[in-house]
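The values are calculated or read from the model by the stated rules, or taken from the named source; none is laboratory data. No experiment lies behind these values; they were computed from the predicted model shown. Cβ atoms come from the backbone with ideal geometry, glycine included; neighbour counts cover every protein chain shown. Each accessible area value is taken on the protein alone, full model and side chains, heavy atoms only, with ligands, DNA and RNA left out. Shrake-Rupley method; radii C 1.70, N 1.55, O 1.52, S 1.80 Å.
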Amino acid sequence: MKFPTKLETLAIHGGTPARAKLLPYGRQSLSDADIEAVVEVLKSDWLTTGPKIAEFEERFAAWVGARHAISFSSGTAALHGAAFAAGLAPGDEAITTPLTFCATANCILYQGATPVFADVSPDTLNLDPGEVAGKISPRTKAIIAVDYAGHPVPLDELAELAKAHGALLIEDACHALGAEYRGKRVGGIADMTVFSFHPVKHLTTGEGGMVATNDPRRAETMRRFRNHGISSEARERQEAGQWFYEMVLLGFNYRLTDIACALGLSQLDRLPANLVRRREIAAQYTAAFRDLPEITVPAVREGVNPAWHLYPVRLNHEMLAAGRAEIFRALRAENIGVNVHYIPVHQHPYYRDRFKLNSNSNSKESYPVAEDAYERLISLPMFHAMTPQDVEDVIRALGKVLIHYEKKMVIGR
Ligand SMILES: Cc1ncc(COP(=O)(O)O)c(C=O)c1O
């Protein structure tokens, strides 16, 4: 794909858009086999709490390389389950990243514990172990690290830090299903690894989530937590001809249905191919953009193979005559569905107000790397069903917009 080299009138200024129809930043792809799998369950005896749940959990656990996988009704519910199983409670702290979807930090608040933010590394925008080390206190019970955009965090360093301080490492791998760290898929490395099956993810069940762990006790706790805290499941009781059950802890109804699990099982068959396609798209973007002075492409560290949930580029404002808001609008006008991931969590009004009210230390702190990144980030469309033409459209549109807004003292390219 050739990068455009001449000025064209931007769509935002009345020119012809790079493509006729909006290309979203992410979307699901469903096959006939997916639909048949769901229909089969709809015709069966069990729409929920049936046999598809264990089947999906077992195949998922085997695929990511963990002993146990516990399904939940969303990635957010799965994070809550992991925070509960980590024993987070009022008085405890959990260290996490500000550059994430708010659900990552919210699960700490659900348990009445206190989120403590640590800044991210400038290359990957993942939690920086040096910053985490500076935030550890006797109250730290967990480190909740996010594999931003699908690039695994430094799991060995973070696991070592957690262990040395008697804390647990929870990996929020909602972006990273299929990512590899030092030759192993994420899922069996951290104490608990959390996944999301939202439609923009690598595998979808509509809404859905999973926690993978090697610890049987925590797995059992999470199975109860997602089922009201009840000690047995409806199907076990029916099959045993039993009515008796006990509620042993305060749980929720966070169950994933058999309908959703059937979809998940069918989607799991195509996960390897989806990952290959996402990696191909990322490689094409990187080849097209890596030498442009106006943007920085995502870094990939030695020893990792990212899963590419997102492809976030950072604008080099110094080289551009317009800010992120205008460049974002210009790309949207070209019908490229760009997005921004993320507004740092501590900048959301709820967090600002709550922690100011409590005069928590977070209110006075800043996270310069995350805050600077947020001002520059634009996520380009990235999903496995993108066609070669879609990828070409994104490359051409970004080229067209950057040439328009490049600072004119930059000569040629
Ligand atoms: C990093 C991260 N954590 C957690 C979640 C929550 O997942 P869900 O939407 O399945 O509840 C998301 C959702 O996109 C996410 O990106």
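From H165, H202, H198, grab the single residue that is modelled with pLDDT of 95 or more, open to solvent by 10 Å² or more (accessible area, probe 1.4 Å), of a type outside the set (S, T, Y) and within 27 Å of V340 (Cβ to Cβ).
Just one listed residue meets the conditions, H198.
Can you name the residue in segment 349-371 that is at pLDDT below 95 and assigned to a loop (DSSP other than H, G, I, E, B) and, of all such residues, is nearest to P24 (Cα to Cα)?
Among those residues, the one meeting the criterion is S366.
Considering segment 214-234 alone, what residues qualify as being surrounded by fewer than 17 Cβ atoms within 10 Å (Cβ to Cβ) and part of a helix (DSSP H, G or I)?
Correct list: P216, R217, E220, A234.
Are there any pairs with C-beta distances below 9 angstrom linking a residue in segment 1-30 that is within 23 Å of F289 (Cα to Cα) and open to solvent by 70 Å² or more (accessible area, probe 1.4 Å) to a residue that is acidic (D, E) and not in a helix (DSSP H, G or I), with the two at least 6 apart or on different chains, and if so which?
These pairs meet every condition: T16/E8.
If N339 passes every condition in (1) touching an Asp or Glu at 6+ places or on another chain (Cβ under 7 Å); (2) open to solvent by 30 Å² or more (accessible area, probe 1.4 Å) but one, which one does it miss?
The number of the failed condition is (1).
Tally up the residues in segment 236-267 that are open to solvent by less than 60 Å² (accessible area, probe 1.4 Å), among the hydrophobic types (A, V, I, L, M, F, W, C) and part of a loop (DSSP other than H, G, I, E, B), please.
So the count comes out to 2.
So, in segment 150-171, exactly how many residues are within 12 Å of the ligand (Cβ to nearest atom) and closer than 20 Å to R67 by Cβ?
Selection size over segment 150-171: 2.
Just one of E280, E302 is without any contact (Cβ under 8 Å) to a residue 12 or more places away in the chain, more than 16 Å from the ligand (Cβ to nearest atom) and in a loop (DSSP other than H, G, I, E, B); which is it?
Step by step, each of E280, E302 is checked, and only E302 is without any contact (Cβ under 8 Å) to a residue 12 or more places away in the chain, more than 16 Å from the ligand (Cβ to nearest atom) and in a loop (DSSP other than H, G, I, E, B).
Just to check your reading of the model, which residue among R182, R218, R224, R255 is at positive phi and in contact (Cβ under 8 Å) with a residue 24 or more places away in the chain?
R182
Answer yes if at least one residue in segment 377-385 is within 29 Å of A20 (Cα to Cα), at pLDDT 95 or above and either open to solvent by 30 Å² or more (accessible area, probe 1.4 Å) or of a type in the set (K, R) (or both), and no otherwise.
Looking through segment 377-385, at least one residue is within 29 Å of A20 (Cα to Cα), at pLDDT 95 or above and either open to solvent by 30 Å² or more (accessible area, probe 1.4 Å) or of a type in the set (K, R) (or both).
Can you confirm whether A190 is crowded, with 22+ Cβ neighbours inside 10 Å and either assigned to a strand (DSSP E or B) or in contact with a strand residue (DSSP E or B) (Cβ under 9 Å, 6 or more places away or on another chain) (or both)?
When the stated conditions are applied, A190 passes them.
Inspect segment 96-111 for any residue being over 30 Å from L250 (Cα atoms) and of a type in the set (S, T, N, Q) and give the result as yes or no.
Scanning segment 96-111, I find no residue that is over 30 Å from L250 (Cα atoms) and of a type in the set (S, T, N, Q), so the answer is no.
What pairs come out if I take residues in segment 331-348 that are in a loop (DSSP other than H, G, I, E, B) and pair them with residues that are crowded, with 19+ Cβ neighbours inside 10 Å and of a type in the set (G, A, S) whose C-beta lies under 7 Å away, six or more apart or interchain?
Partner pairs satisfying both residue conditions: E334/A11; E334/A18; E334/A397; N335/A18; V338/S379; V340/S379; H341/S379; P344/A370.
Please give the helices (runs of 4 or more DSSP H) falling wholly within segment 27-142 in which 3 or more residues are on the phi < 0 side of the Ramachandran plot and within 16 Å of the ligand (Cβ to nearest atom).
Of the helices (runs of 4 or more DSSP H) lying wholly inside segment 27-142, those with at least 3 residues that are on the phi < 0 side of the Ramachandran plot and within 16 Å of the ligand (Cβ to nearest atom) span 75-85, 103-110.
Quick one: R237 ticks every box in (1) over 17 Å from the mean Cα position of the chain (by Cα); (2) more than 27 Å from S44 (Cα to Cα) bar one, so which box is it?
(2)
Quick one: would you say A113 is touching a residue at least 12 places away in the same chain (Cβ under 8 Å), among the small types (G, A, S) and either within 19 Å of V300 (Cα to Cα) or in contact with a strand residue (DSSP E or B) (Cβ under 7 Å, 6 or more places away or on another chain) (or both)?
Criteria met by A113.
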